[in-house]
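As structure tokens, the structure follows; a few thoughts come after it.
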Amino acid sequence: MKNELIDETENSTETKFEERGQWRNKTEFILSLLGYAIGIGNIWRFPYLCYRNGGGAFLVPYLLMLFLCGIPLFFLEASLGQFGSVGCTKVFNICPLFKGAGYAMIVVNLIVCTYFNTICAYPLIFLVHCFNSKLPWLDCNNPWNTNNCSEVKHYNSNTSLLKSSIVKSGIKTPADEFFHHKILQISDEVDVVGGIVWPLFIANIISWVIMYICLIRGIKSVGKVVYFTATFPFIILSILFVRGITLPGAWDGIKYYIVPEWKELGNVKVWADAAIQIFFSLGPGWGGIVNIASYNNFKNNGRLDAIIVPLANSGTSIFAGFVVFSVLGFMSHETGEPLPSVATGGPGLAFITYPEAITLLPWPQLWAILFFFMLFLLGLDSLFVQLETVIAALMDEFPHLRKRQTLVTISILLLTMCLSTIYTTNGGMYWLQLFDWYAASISVVLICLVEVFMVGWIYGVGKFKRDIEFMIDEKLPNFWIISWKITTPLLLLFIFMMVIVFNTRIMYQKSAYPDWIVVVGWLSSVSSMICIPIYMIYKLTFLEKGTLSERIKSSLKDRNWGPAKTNDREKWENFIQNNMNLPKQNHQADSKDEHKRNIKEV
């Protein structure tokens, strides 16, 4: 009878594991990681940061931060997810007291997904207009243009006059007015929400529908979609690169991008920007890496994966810089404007400056279609991994929901879609910038600090190394031990302080945000971080028994931590027994439970 009960339990465990899903092959896993890590920020943030922080000299702190912080964090999260085959909440079974960090990941992803989908909607609107006989941001002869509009092709003949006019009267380019007056229909004041901009609202809905199609069957559909969404942007980027470097003035732009200014290495802001860029481009602390790795084959050797993907991410960022600055160099050459005055970063680069440059090219519609389609795919890849992270976490917490996966997916998408409506109003861009500025900056760094502290100092870096070596059948070099215990935590503390020190007051288009809106922004950041102490209080108060010290000690012990499959778990326990010289396991069920408790204590 006991054996029958044991068999039923094992079968139940295997069934739950199969219901959760698994990548069909390693290619799906790698492409999903690449799609998640490589996003719009590689195009609109890194090139400008590199140019602004000493050109080629910026690569020194950037690559140093990649190897000392980025790659160790990436491998740590991927190993946690793969070893436990669980998402961003259940992975904290390794140290239950800090499970609130898993809930913080869910909150961060939900907030970010609401506005990130709207960012994906912008390229869709641009794409529709790209099929016109003339690009609508080519000139100032449109209903939405104002008297301040000045065409790019007129810059060359009146450069000095233009510079002074911009300062005095706020002259705008056709691309600027197309984005702000036609697409956004932006309000004049930050605190004026206004009404819904219906074309943007419809594009937002279409983007959500595409998102649902990608997520309809969980990783089964995601695994198929990434073959296209994760690879095609590289093809487009390569085409734009070949076209860019053949333009007049392109190499002047590239020179601005890569020529090193070594004196900048003495500036702490440069090192801070390098650390922050590595951190936010790879995406640790969001739960996405943990979730993607949780669908892996248990014996997958992820050590090389954790090196290849971050290197590919950084390589893409550097390569994108050549694409962007070759076109900006061409724009500088054509308009007579010095490159520093045309170089910019963020949404301004993607939706104003680059479209302006495209109008100066032969066949501008073709290059515009390629560019905006690439932006949409890059955003789509990152977004559906974030949403899948939230969905998987809910189904891990409540396994019975796996039978209603479609309903859960629709519910999450409807929730985030309704919340995203505010970004489709006249004041939507102000709110988008607000949450992008505050919601995930400090909180994600704090989550990573919790993860590293939990693994390196509470569970024990030696035990974690043992678990990984059992999983991948390979000895780990001491580099990983030193990183997880010392180097990475120290660098994370540095990043945490730098994010706070250099977090200047938010502005958009020279419009200052009122105090009450800034407070809302900070509350969005606190809403995720507060999950950590709230769960600690809840667990110590209601879920543990004994004195306070006994409750703390009990809540720090790893519970239910280990491989998901029964066969893998038994081999792991035997592996621990052999390495720790524990007594042999008794075959009786009661002795088996006692033996497991002994192992957990060790």
Figure the gain on full extension for Leu64 and Asn300 (residue separation times 0.36 nm, minus the Cα-Cα span) and round it to one decimal in nm.
82.2 nm
Please give the contour-minus-distance gain from Glu570 to Ser411: 0.36 nm per residue of separation, less the Cα-Cα distance, rounded to one decimal in nm.
53.5 nm
The list (1) 1.31; (2) 1.26; (3) 1.03 gives values of Cα Rg over 2.2 N^0.38 Å, and only one came from this structure; which label was calculated from it?
(3)
With a 1.4 Å probe and all protein chains left in place, how much of the accessible area of the stretch 450-525 comes from carbon and sulfur atoms, in whole percent?
72 percent
Of the listed pairs Lys90/Lys403; Lys172/Lys255; Lys26/Lys99, those with alpha carbons more than 21 Å apart are Lys172/Lys255; Lys26/Lys99
Quick one: angle between helix 364-397 and the longest Cα principal axis of the chain, in degrees between 0 and 90, rounded to 10, please.
20 degrees
Which angle from 0 to 90°, rounded to the nearest 10, does the C-alpha axis of helix 589-601 make with the longest principal axis of the chain?
50 degrees
Can you check what the net charge comes to around Asn579, using other residues whose Cβ is under 12 Å from the Cβ of Asn579 (Lys, Arg +1; Asp, Glu -1)?
0
Under the rule that an exposed site lies in a DSSP loop and has at most 12 other Cβ atoms within 10 Å, name the longest stretch of the chain with no chymotrypsin sites (Phe, Trp or Tyr not before Pro) of that kind, not counting the sites themselves.
132-501
In the neighborhood of Ser326, defined by Cβ-to-Cβ distances under 14 Å, what is the net charge if each Lys or Arg adds +1 and each Asp or Glu adds -1?
0
Percentage relative contact order, the stretch 337-445, counting C-alpha pairs under 8 Å, at least six apart
9 percent
Structure-based [θ]222 nm, the chain - -39500 (n - 2.57) summed over DSSP H runs of at least 4, per residue, nearest 500:
-20500 deg cm²/dmol
Full extension between Ile458 and Ile202 adds, at 0.36 nm per residue less the Cα distance, a length in nm of 87.2 nm
List every residue whose amide H lies under 5 Å from the amide H of Lys172, counting only residues 5 or more places away in sequence or on a different chain, with H placed 1.01 Å from N in the peptide plane.
Cys149, Ser150
Helix axis angle, 441-453 relative to the chain longest principal axis, alpha carbon, degrees
30 degrees
Indicate the gyration tensor shape class of the stretch 161-290 (rounded, prolate or oblate), computed on the Cα atoms with a ≥ b ≥ c the square roots of the eigenvalues: a/c under 1.5 is rounded; otherwise a/b larger than b/c is prolate and the rest oblate.
oblate
With a probe of 1.4 Å, find how much accessible area the chain has per residue, and write the answer as a whole number in Å².
41 Å²
Interchain or sequence-distant (5+) residues whose placed amide H lies within less than 5 Å of the amide H of Thr425 are Val197
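The values are calculated or read from the model by the stated rules, or taken from the named source; none is laboratory data. A quick note: this is a predicted structure, and the numbers were derived from the prediction, not measured. Here Cβ is always computed from backbone atoms with ideal geometry, including for glycine, and neighbour counts include all displayed protein chains. Surface areas here come from the heavy atoms of the whole protein model, side chains and all, with no ligands, DNA or RNA. Shrake-Rupley method; radii C 1.70, N 1.55, O 1.52, S 1.80 Å.
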